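The structure under discussion appears below in the form of structure tokens.
The values are calculated or read from the model by the stated rules, or taken from the named source; none is laboratory data. From a predicted model like this one, the values you see are computed outputs, not experimental measurements. Quick reminder, even Gly has a Cβ in these numbers, built from the backbone with ideal geometry, and neighbours come from all protein chains shown. These area figures cover heavy atoms from the full protein model, side chains too; ligands, DNA and RNA do not enter into them. Shrake-Rupley method; radii C 1.70, N 1.55, O 1.52, S 1.80 Å.
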Amino acid sequence: MSSSIFSLACNFTSHADGGSFKSISRGGGGRSFLCPIEHVLVTNRLPLLSVSRTGASRKARKESTCSHILASVAGVSVDKSIETAELPKGDMWSVHKFGGTCVGTATRIQNVADIILKDSSERKLIVVSAMSKVTDMMYDLIYKAQARDSSYISALDDVFEKHKQTATELLDGNELASFLSQLHLDISNLKIMLRAIYIAGHATESFSDFVAGHGELWSAQLLSALVNKHGMHCNWMDTREVLIVNPTSSNQVDPDFAESEKRLEKWFSRNPSKIIIATGFIASTPQNVPTTLKRDGSDFSAAIIGALLKACQVTIWTDVDGVYSADPRKVGEAVILKTLSYQEAWEMSYFGANVLHPRTIIPVMKYDIPIVIRNIFNLSAPGTIICQAPANGNEDCQKLEYLVKGFATIDNLALINVEGTGMAGVPGTASEIFSAVKDVGANVIMISQASSEHSVCFAVPEKEVKAVAEVLESRFRQALDAGRLSQVEVIPNCSILAAVGQKMASTPGVSATLFNALAKANINVRAIAQGCSEYNITVVLKREDCIRALRAVHSRFYLSKTTIAMGIIGPGLIGGTLLDQLRDQAAVLKEELKIDLRVMGIIGSRKMVLSTLGFDLSKWKEIQQESAEEANFEKFVHHVHGNHFIPNTVLVDCTADSNIANHYYDWLCKGIHVITPNKKANSGPLDQYLKLRALQRRSYTHYFYEATVGAGLPIISTLRGLLETGDKILRIEGIFSGTLSYIFNNFVKNRAFSEVVTEAKEAGYTEPDPRDDLSGTDVARKVIILARESGLKLELTDIPVQSLVPEPLRESASAADFMKHLPEFDGEMERNRQKAEAAGEVLRYVGVVDAINGEGRVELRNYKKDHPFAQLSGSDNIIAFTTIRYKEQPLIVRGPGAGAQVTAGGIFCDILRLATYLGAPS
């Protein structure tokens, strides 16, 4: 052992707690505290006396080393008369705390000084952390020394150079010389201490705290010197001389406010100043042993000192604009909260939100001192104020979006469920459960117990669940074997989601809204806890559902836009028109209705394009041409639905493909909403239709198909409105085909039927093969859809259809061949027209649902010229509902029933209806 280490070790005297400490002082305050250096040596019982030294030599080295230690750690304590001053308290004080990122560089330290100089408060106390990464560097020194890694020497040199360079950029003259002198002494002392650790291979916690706290000492001295350089007198405070704390068994400390207040008053009497720069994070025990305030210690320091001074405000300066309504890394639309009550901030921080450690709030609550979270890099942002909630909130505070302030999550948890009939009514069961959990040192995050007392479930960190399960099975082995307990079940891969707000649980509708939002996002809740304090509602979810759940509830409470991931199937005429409509309306929807529709994928029969954030719809056609890949339907659906950052997914089927319609049931089972004008699913086999509708009714997944009948006309919704309000359908009759409406509106005297069909085809009203319209199959599908909506259980084959395609032409090879020979059959249709005209009537091709007789049909019928069906023009559709209420005069819906614009518009309406159901303002 070197002589310096030997001398250092020999100079420490025995202390009451079993360790040995050297009484030293640092800085101008003169307060002595005990440096736990001997812990390094005593713990490992180094053979200190095995080194041969002469008594004279040992004495000389001892005196030399002691002198060096006292100088390097604290500077020589000067005993001189200091004019005392009484410490004023109250609103004249403002407390500011600056974290490591705020003082991370010379430029940032200068910014802090500027804020201090511009603060108009009469008196200011500034709490500073170590420069960014310095505390980690200090702990790394200890780890390396304990591991006997000699690179701790060069690492300590890096610490020295970092502070030397920063000081050189900020200071000059006497301020710089004084700081560098102290820095040299501190570094020299640390080298000796770390050498002792290197030899011992061990460092106690108190020794580690002592070493780690140097970063705060240097930051405080740097900032103090800089403020003095600008002509404003200030003193710096080593808070180990003032803040006294008692360590607890839970890796925390409890402040001794009475003793700390005495020491603060004594310190101020010797160092009166209107500006004080204080170290954060570090403190002392009642025996003057250096320690720290543990996690978020600098914030805690500021709160304690703010309470001791009874300051008007404590400002926590950081690198964010304030407290967010949710983690912005998970919810991009999270908003800055203007205010939080102490309790709300407490709850959010407990559940993992990046706010403040709950213990930071405790000291200021007693004196109703507000805490303000500000961004040092954005001084224009007002930040978040954490204060006492008003006794009687104003009218706005009764709104849901104010009652629920924010959401927080905790990941990597497991649920443990202890259940059995033998638990019911047995006193002490819960106590025994949690006593066992305590024995293994596990942390219980949340508890939920059914009123039946048959089960208790609680959440613990996943890394602790194995030990907890084992101790419970051991402790309750006899009860498990006897059947009084049925199981100790472990449910892994869980997360907690907490909704936090002042007295939200006492307001009707908050809990219902929360769980409704989760249900509509197809998220299952494993456990629920709601405290009687009414500040939070906590749910346990599958880990993979957590982000989606967070976004769903955040959107539902209007804290962000209602965001929906969309997949467009079939970018043809109707699908392409829909994409153009979405493009034109996107900005209005976001701004006015808070609806954010993200098209994540577009797929056709051969090609598809995918996006992770949503397409720029102004360029969707170009993207489709440039970035398309081979269509893969399974990959497409997985991509659109697999984005956990968007809670709700809708697939919009703009095709007429029965194969795609066959997927609807599986999509709804997965929680994917479906919107379509495709008639194949609702007019297909009856059993499949009934199965699909039954699933829709018992789930929170929506299936909208307004455009299957009447394009953009509200036919389905009108029918449902009648039925849901108790009316009874007697008959539905209408012209359901825009194509056939156009043909018969223009089939008048002196015009051949084939001529009108050719005109309609050239105008784009018909399908490429007009037989698809003239066959009546499309109208029959609409009739069967309305019949089933009315409660009739009919198959498509039950509907007799009068085809307008002449029998000889039904098997024509092509559409062109059909059109070529169609004039040959004009005579029969002309005779029908003349017969109708002679009777003062017109021809109309209609579909009929006869609910009384339980049947439907599609046919060519005659109507008087004063009948509403005879008054149509163009491609209009018209539907008449005859019901109990509308028996004498049917309810009529009329309007354009064909064309890409109106059909796409009908689909768009369904999309907006879905958004409303999912939480968008209606």
Query raised in the report: With θ set to phi - 60° and the Karplus curve 6.51 cos²θ - 1.76 cosθ + 1.60, what are the ³J(HN,Hα) couplings of region 331-339 in order, to the nearest whole Hz, using x for Gly and Pro?
Result: 10, x, 9, 4, 10, 6, 8, 6, 9
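Rounded, prolate or oblate: pick one for region 267-422, where a ≥ b ≥ c are the square roots of the eigenvalues of its C-alpha gyration tensor, a/c under 1.5 means rounded, and failing that, prolate if a/b is larger than b/c, else oblate.
Details: a/c = 1.87, a/b = 1.33, b/c = 1.41.
The shape class here is oblate.
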Report summary line: Averaged over all viewing directions, the convex hull of the alpha carbons in region 788-922 casts a projected area in nm² of 12.6 nm²
Requested in this report: Would you kindly calculate the translational diffusion coefficient of region 161-288, applying Stokes-Einstein with the Kirkwood radius from alpha carbon pairs, for 25 °C and a viscosity of 0.890 mPa s, and quote it in µm² s⁻¹ without decimals?
Outcome: 151 µm²/s
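Give the accessible surface of the chain per residue, rounded to a whole number of Å², with probe radius 1.4 Å and ligands, DNA and RNA excluded.
Details: 39680 Å² over 922 residues.
With all protein chains present, the chain gives 43 Å² per residue.
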Query raised in the report: Which percent of the Cα-Cα distances in region 749-794 go past 16 Å?
Result: 53 percent
Query raised in the report: What is the mean projected area of the alpha carbon convex hull for region 420-492, to one decimal in square nanometres?
Result: 4.5 nm²
Query raised in the report: Dividing the convex hull volume of the Cα atoms of region 165-229 by its residue count, what figure in Å³ per residue is obtained?
Result: 73 Å³
Report task. Starting at the first residue of region 674-686, write each ³J(HN,Hα) from the Karplus equation 6.51 cos²θ - 1.76 cosθ + 1.60 with θ = phi - 60°, in whole Hz, x for Gly and Pro. Result -> 10, 10, 7, x, 6, 7, 5, 5, 7, 10, x, x, 4
Report summary line: Between the residues Thr168, Tyr350, Thr318, the Cα farthest towards the positive end of the dipole of the chain, that dipole coming from +1 and -1 charges on the beta-carbon of Lys, Arg, Asp and Glu, is from Thr168
Requested in this report: Give me the percent of the accessible area of the chain that comes from carbon and sulfur atoms, probe 1.4 Å, all protein chains in place.
Outcome: 48 percent
Requested in this report: Give a residue-ordered list of calculated ³J(HN,Hα) values for region 904-916 (Karplus: 6.51 cos²θ - 1.76 cosθ + 1.60, θ = phi - 60°; whole Hz; x for Gly, Pro).
Outcome: 4, x, x, 5, 4, 4, 5, 4, 5, 5, 4, 4, 5
**Report entry** Orientation-averaged projected area, Cα convex hull of region 247-328 (nm²)
**Finding:** 7.5 nm²
**Report entry** Given charges at Cβ of Lys, Arg, Asp, Glu: the chain dipole, positive-most of Ser717, Leu668, Ala459
**Finding:** Ala459
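Let me have the 222 nm mean residue ellipticity of the chain computed from DSSP H runs of 4+ only, each contributing -39500 (n - 2.57), with the sum over all residues rounded to the nearest 500. Numbers along the way, then the final one.
Numbers: 34 runs with 373 residues, N = 922.
It comes out at -12000 deg cm²/dmol, rounded to the nearest 500.
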Query raised in the report: In cubic angstrom, how much convex hull volume per residue do the alpha carbon atoms of region 494-574 span?
Result: 107 Å³
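Kindly flag which residue pairs out of Lys124/Lys310; Lys89/Lys405; Lys405/Lys520; Lys728/Lys865; Lys607/Lys635 have an alpha-carbon separation exceeding 23 Å in this structure. Can you show the working numbers first?
Details: Lys124/Lys310 12 Å; Lys89/Lys405 33 Å; Lys405/Lys520 21 Å; Lys728/Lys865 29 Å; Lys607/Lys635 12 Å.
Pairs exceeding the cut-off: Lys89/Lys405; Lys728/Lys865.
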Report task. Report the dimensions of region 436-537 along its three principal axes from the alpha-carbon atoms, largest first, rounded to Å. Result -> 45, 28, 27
Query raised in the report: Which cross-chain or sequence-distant (5 or more) residues have an amide H under 5 Å from the amide H of Val127, H modelled 1.01 Å from N in plane?
Result: His96, Lys97, Phe98, Ala278
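Between Glu265 and Tyr143, take the C-beta separation as r, use R0 = 45 Å, and let me know the FRET efficiency to the nearest 0.05.
Numbers: r = 39 Å, r/R0 = 0.86.
Computed FRET efficiency for Glu265 and Tyr143 comes out at 0.70.
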Report summary line: Shape descriptor, region 642-723: equivalent ellipsoid semi-axes (Cα gyration tensor, sqrt 5λ, whole Å, largest first) stand at 20, 15, 14
Query raised in the report: Placing +1 at every Lys and Arg Cβ and -1 at every Asp and Glu Cβ, with all other atoms neutral, what dipole size does region 122-278 have around its Cα centre, in debye to the nearest 20?
Result: 260 debye
Report task. Would you pull out the residues with amide H under 5 Å of Phe736's amide H, same chain only if 5 or more places away, H placed 1.01 Å from N? Result -> Gly847
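To one decimal place, what Kirkwood hydrodynamic radius in Å is obtained for region 847-889 from all pairs of distinct Cα atoms?
On the way: mean 1/r = 0.0812 Å⁻¹.
So the Kirkwood estimate lands at 12.3 Å.
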Query raised in the report: Taking Rh as the Kirkwood radius, which is the inverse of the mean 1/r over Cα pairs, what is the Rg/Rh value for region 847-922?
Result: 1.07
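With a cut-off of at most 12 other beta carbons within 10 Å, and DSSP calling the residue loop, which trypsin sites (Lys or Arg not before Pro) in region 583-627 qualify? Please list them. If you can, show how the numbers build up before the last one.
Working: sites: Arg583, Lys590, Lys594, Arg598, Arg606, Lys607, Lys619, Lys621; in loops: Lys594, Arg606.
Filter output for region 583-627: Arg606.
With +1 on the Cβ of every Lys and Arg and -1 on the Cβ of every Asp and Glu, and nothing else charged, how large is the dipole of the chain about its Cα centre, in debye rounded to the nearest 20?
Working: 97 positive and 102 negative charges, 394 e Å.
I would put it at about 1900 debye.
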Query raised in the report: What are the lysines whose alpha-carbon lies under 24 Å from the alpha-carbon of Lys133, with same-chain residues fewer than 8 places away excluded?
Result: Lys97, Lys144, Lys162, Lys164, Lys191, Lys294
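Compute the convex hull volume of the Cα atoms of region 279-363, divide it by the residue count, and report the result per residue in Å³ as a whole number. Spell out each step's value before the answer.
Numbers: hull volume 9.7 nm³, N = 85.
So the per-residue Cα hull volume is 114 Å³.
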